[in-house]
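Read the figures in this text as sums done on the coordinates, not as results from a lab. Keep in mind that what you see is a predicted model, and the values were worked out from it rather than measured. Ideal geometry is used to build each Cβ from the backbone, glycine not excepted, and the neighbour counts take in all protein chains shown.
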Amino acid sequence: MPVYSIIIPCYNEQEVLRETHRRMTKVMQDMGESYELIYVNDGSRDKTGEILEDICREDRNAKAVMFARNGGHQIAVSAGLDYASGDAIVIIDADLQDPPEVIPEMAKRWKDGAQVVYGKRKKRDGETFFKKFTASVYYKSLNKLTKGMVPRDTGDFRLVDKQVADVIRSMPEHARFLRGMFAWAGFKQEAFLYDRDKRFAGETHYPLKKMLKLAADGVFSFSVTPLKAAWLCGLGWVFAACFLAFVLIVCLLFGVHGGSWWLAALLMLLAGNVLICVGIAGEYIGRIYDDVRGRPLYVVGRTLNFDREE
């Protein structure tokens, strides 16, 4: 069994994949311990699959899990965890924004006793002001909703002990927010500060739509506060209605007729509040529905360089 398993999810990474493999291989060889590089091809539509076939032919330390369909980044990482056999498991994206060269320092902290060493970004090069601002607001909000469970300014880049990975493997939910799941698992966790680089090549594969979905998974998977907020909104509207009814009665007693335009505005606001509350409940119910169906998290077309080929 290897000491280290490196999980590298890939989606349309043909422009960067060979450089990723070169840098990753150099780092791991310099460490001088056994390792495996597990590439998870998340249903790529470019030449990522072909390049992975070449890499696996040239390097027996490289392994590949080829999805039959796109499952998403969090699902790809989960598949990598299922196939990893190392004592320590590193999760790192293929775009080289998280530098492989810091893995030895993370491994040192693992050997010193930390069971989760998560990357905490000091600097985020190559990202727009909008992304940095929204990320900051989101993590501050998530931190409050989850009572500080999920560390701020962190992503999925981390090294975890196999004992921690076993806990994550046992968690079957489909709406996966892995950085929250690792935080929930507990164990001895330690932050590792590093500078995040620009993407080596190509464009980001996490557009706004995917970012919003991941953000929603983070909130709805680890906090019931939105449901409580919906209940409080409803209670607030009840008090508001009582107050307005009182004002209306007083106006009528003094012969003041202000028209009914305000009533139409009130009904519109009330209807909007109801729809928001229903939508919040729907988010939770939809996640329950996904889990109850019992479908597999991912579908593997084939694997490369594992002992049992599929």
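Structural remarks
- Per-residue Cβ neighbour rank within 10 angstrom, fewest leading, Lys111, Lys188, Lys120: Lys111, Lys188, Lys120
- Take every pair of alpha-carbon atoms less than 8 Å apart whose residues are at least six positions apart; their mean separation over the length of segment 16-133 yields a relative contact order of 28 percent.
- A simple packing score, the average count of other Cβ atoms within 10 Å per residue, orders the peptides 87-97, 288-298 as 87-97, 288-298, with the highest score first.
- Taking amide H positions as modeled 1.01 Å from N, with prolines and chain starts lacking one, the residues under 5 Å from Phe306 and 5 or more places away or on another chain are Ala64.
- Once the Cβ-Cβ distance of Glu53 and Lys188 is raised to the sixth power relative to R0 = 35 Å, the FRET efficiency obtained is 0.35.
- Using the Cβ-Cβ distance between Ser34 and Asp291 with R0 = 30 Å, the FRET efficiency computed as 1/(1 + (r/R0)^6) comes to roughly 0.25.
- Pairwise label distance in nanometres, Tyr284 with Val250, each label 7 Å out on the Cα-Cβ vector: 3.7 nm
- Applying 1/(1 + (r/R0)^6) with R0 = 41 Å to the Cβ-Cβ distance of Asp195 and Asn273 gives a FRET efficiency near 0.40.
- As a proxy for reagent exposure, Phe157, Phe246 were ordered by neighbouring Cβ count within 10 angstrom, fewest first; the result is Phe246, Phe157.
- The protection proxy used here, the mean number of other Cβ atoms lying within 10 Å of each residue, ranks peptides 59-66, 75-82 as follows, highest first: 75-82, 59-66.
- By the beta-carbon count within 10 Å of each Cβ, the least crowded to most crowded order of Phe306, Phe187, fewest first, is Phe187, Phe306.
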